[in-house]
Amino acid sequence: MTDGYGRKIEYLRMSVTDACNLNCSYCMPEEGSFRCNCNNNLTVDEFAEIVTAAAELGIKKLRITGGEPLVRRDIVELVRRMSEIKGIEDISMTTNATLLAPAARDLYEAGIRRINISLDTTDTEKYARITRGGRLTDAIEGIRAALAAGMNPVKLNAVLMGGINDDEIEDLARLTVDYPVELRFIELMPIGNTRALSKDAYVPSSLVLERLPELEKIDSEKHSVAKLYRLPGAKGKIGLISPLSNHFCGECNRLRLTADGCLKPCLHSADEISVRGLHGAELKEKILFAVNKKPRMHGELSTTSPSESKRSMNRIGG
């Protein structure tokens, strides 16, 4: 599939639930995500039908997200079903990893080979504050389990927040010295609940380069949103993702599917196209319609010009 600006659309990010066992301050409202109507989530069969149609139209890469995908009791079966769909060549997952340790081996055998893990701090008390009650030890055990299961690459996502974790750039980066992981610093986006944060919370990813002048630039993957670097002698990599200071719309090759069955052509657009309950040619027609609705680029993103998305991040999947 090719959109109206010549971009080949091959990547589907699929949120399988709005719910999460954590309650991160920049992601969701304080009252928590388990109050969402999780009974409205698509079933495994519904996801399989949509992904099969998308694969027949050219989708090759699938990322399973949430909320927190591991709160679904049928997550291993869901992954297995996705891995059996003809045309899907790559399946990955984004998770907070606090529930990952006992499931990592089963997920790997079901088809998850690559995984992204949220890790905004290495400080136990700060982790509990950011996540509103999460335990850092659970996330660390999940990271170790992913590595032990053979998942590769294991990417750690740290959302940069001024006055919250910008004093940990060096500590987070040092994880790549001893572990074969990719630590990705991501600029905080003005979307959903982040609008309530101080404007000082928004800091550019270039701050990482200022703090770590010894970083060496290395080649990035095709269509990757991260610019990659490496500390001298490190086993892993460091990535910078800059949706505010240096957007990557020109390279966007993705659609997003929400847990309740809506396609989002752009993360920061209010446009949503429902595909729930559609079948066959009608389903494919709507997928193609969503592709053609992709804008050339999203609108300005800043503290005074927030995202136009109607959903918070836990209801989109990133």
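The values are calculated or read from the model by the stated rules, or taken from the named source; none is laboratory data. Since we're looking at a predicted model, the values are computed, not measured. So basically every Cβ, Gly included, is an ideal-geometry build from the backbone, and we count neighbours across all protein chains shown. All accessible areas refer to the heavy atoms of the entire protein, side chains included, with ligands and DNA or RNA removed. Shrake-Rupley method; radii C 1.70, N 1.55, O 1.52, S 1.80 Å.
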Problem - Filter result (open to solvent by less than 40 Å² (accessible area, probe 1.4 Å) and touching a Ser or Thr at 6+ places or on another chain (Cβ under 9 Å)) within the stretch 122-145 - result: Y127, I130, T131, G134, L136, D138, A139, G142
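Rundown of residues vs (1) in contact with a Cys (Cβ under 8 Å, 6 or more places away or on another chain); (2) within 29 Å of R311 (Cα to Cα); (3) open to solvent by less than 10 Å² (accessible area, probe 1.4 Å), yes/no style:
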position	(1), (2), (3)
K217	no, no, no
S220	no, no, no
P232	no, no, no
N246	no, yes, no
L255	no, yes, yes
D260	no, yes, no
P265	no, yes, yes
H268	no, yes, no
Problem - Only listed residue being open to solvent by less than 30 Å² (accessible area, probe 1.4 Å), over 30 Å from D74 (Cβ atoms) and touching an Asp or Glu at 6+ places or on another chain (Cβ under 9 Å), chosen from N157, N165 - result: N165
Practice task
Return yes when L188 is surrounded by fewer than 22 Cβ atoms within 10 Å (Cβ to Cβ), at pLDDT below 95 and touching a Leu at 6+ places or on another chain (Cβ under 8 Å) and no when it is not.
Solution key: yes
Handout entry: Test: G58 is at pLDDT 95 or above, surrounded by fewer than 20 Cβ atoms within 10 Å (Cβ to Cβ) and not hydrophobic (A, V, I, L, M, F, W, C)
Key = yes
Completion exercise
Of (1) open to solvent by 40 Å² or more (accessible area, probe 1.4 Å); (2) part of a loop (DSSP other than H, G, I, E, B); (3) in contact (Cβ under 8 Å) with a residue 40 or more places away in the chain, L22 satisfies every one except (1)
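Can you list the helices (runs of 4 or more DSSP H) lying wholly within the stretch 60-140 that have 2 or more residues being touching a Cys at 6+ places or on another chain (Cβ under 9 Å)? Break it down into steps so the answer makes sense when it comes.
Numbers: elements: 75-83, 104-110, 124-131.
Hits in the stretch 60-140: 124-131.
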Practice task
Just give me the residues in the stretch 95-121 being open to solvent by 10 Å² or more (accessible area, probe 1.4 Å), touching a Ser or Thr at 6+ places or on another chain (Cβ under 8 Å) and under 17 Å from A148 (Cβ atoms), in sequence order.
Solution key: R113, R114
Exercise for the section: Name every residue in the stretch 70-127 that is under 22 Å from I186 (Cα atoms) and acidic (D, E), in order of residue number. Expected result: D120, D123, E125
Fill in the blank from the handout: Given (1) in contact with a helix residue (DSSP H, G or I) (Cβ under 7 Å, 6 or more places away or on another chain); (2) outside any helix (DSSP H, G or I); (3) open to solvent by less than 10 Å² (accessible area, probe 1.4 Å), L42 misses just (1)
Exercise for the section: Under 9 Å between Cβ atoms, at least 6 apart or on separate chains: pull out the pairs that start in the stretch 276-305 with a residue that is open to solvent by 100 Å² or more (accessible area, probe 1.4 Å) and end on any residue that is of a type in the set (G, A, S) and modelled with pLDDT of 95 or more. Expected result: H279/A53
Exercise for the section: Please tell me if V208 is outside any strand (DSSP E or B) and either open to solvent by 20 Å² or more (accessible area, probe 1.4 Å) or without any contact (Cβ under 8 Å) to a residue 40 or more places away in the chain (or both). Expected result: no
